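What follows is a set of notes on a single structure, which appears directly below.
The values are calculated or read from the model by the stated rules, or taken from the named source; none is laboratory data. These figures come from a predicted structure and were not determined experimentally. Cβ sites come from the backbone with ideal geometry, for glycine too, and all protein chains shown count toward neighbours. To get the accessible areas, we keep the full protein, side chains included, count just its heavy atoms, and leave off ligands, DNA and RNA. Shrake-Rupley method; radii C 1.70, N 1.55, O 1.52, S 1.80 Å.
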Amino acid sequence: PVALSSLALWLDASDTSTITKDGSNKISQWSDKSGNNKHATQSTAANKPTFGTNEIQFDGSNDTLVFSSLGLSSDAMAVFVFTLSNDNDYSVLGSSSVSHLNRHSNGSSYPHHFRTGRIENLSLNMPTTGTHVLAYLADGSSPAYKIRLNGNESYSSTSSFTFSDNLTHVGRARYNHLNGAVKEVIILNNYSLDSMKELEGYLAHKWGLAGSLPS
């Protein structure tokens, strides 16, 4: 990831040197490897996630890690590897004030990462179990907006939207918490489909998900 320009955040659970935990294996800090020091932290004991084998485990009720604003422009991309524990109402990345839903319990999806308004009632067939690579790409000026699951395009639009840089939480967004685990998070302050495909390949091969990629 550091070979790509505009790296804003890189959280890697396979690098144990970036994990700060207490005696009960609860995480107080997941350090940012981008060099921007946007470390994801948690000081409240009841809200600390648990460190598993190469992953950060969230309980679906209270657990979350918080990082400071990334200062993104109108171009940004986020890609992450996560595992779901039979969860049909979750968010992996978001903020405390906005519900960046990846999937809603009614079967529809309302993702609006990097948007001020969500995409209403969009059926993206988001998963409820298993381990996956999920990506969001936004260019607010072109405009262009894409959502990709395991290297496959789930949604694409050139409709105008207002860009919003309000990602600050891992494992929750407002009312929705993740029941599962996060393995790696990469956010860039630019828009490049070619770079995203490289990142998807990197993550899929690293985490044993290459079979989920398109040929």
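General remarks:
- Theoretical ellipticity at 222 nm over the chain - DSSP helices of four or more residues, -39500 (n - 2.57) apiece, nearest 500: -2000 deg cm²/dmol
- Candidate cross-link partners of LYS26 among the aspartates and glutamates, defined by an alpha-carbon separation under 19 Å and a same-chain spacing of 8 or more, comprise ASP12, ASP15, GLU55, ASP59, ASP63, GLU184.
- Solvent-accessible area per residue for the chain (1.4 angstrom probe, square angstrom): 39 Å²
- Relative contact order of the chain, defined on C-alpha pairs under 8 angstrom at six or more residues apart (%): 27 percent
- Of the labelled figures [x] 16.9; [y] 17.3; [z] 19.6, only one reflects Kirkwood radius over Cα pairs in Å as derived from the coordinates, namely [x].
- Inter-label distance for SER17 and ARG174, nm, one decimal - labels placed 7 Å from Cα along Cα-to-Cβ: 4.0 nm
- Residues whose placed amide H lies under 5 Å from that of GLY130, excluding near-sequence neighbours: LEU84, ASN86
- Peptides 128-135, 154-161, 166-173, 179-186 ranked from most to least packed give 166-173, 179-186, 128-135, 154-161, packing being the mean of other C-beta atoms within 10 angstrom over each peptide's residues.
- Cβ-Cβ FRET estimate between THR128 and SER97, R0 fixed at 35 Å, reported to 0.05: 0.85
- Label-to-label distance for THR116 and HIS205 is 4.1 nm, based on points extended 7 Å past Cα in the beta-carbon direction.
- Here the Karplus curve 6.51 cos²θ - 1.76 cosθ + 1.60, taken at θ = phi - 60°, turns the phi angles of segment 30-42 into couplings of 10, 6, 7, 8, 6, x, 9, 6, 8, 5, 8, 10, 7 Hz, with x standing for Gly and Pro.
- Rounded percent of accessible protein surface that carbon and sulfur make up, the chain, 1.4 Å probe: 41 percent
- Principal-axis analysis of the Cα atoms of the chain puts helix 193-206 at an angle of about 30° to the longest axis.
- The calculated FRET efficiency for the pair ASN25 and VAL2, based on their C-beta separation and a Förster distance of 30 Å, comes to about 0.60.
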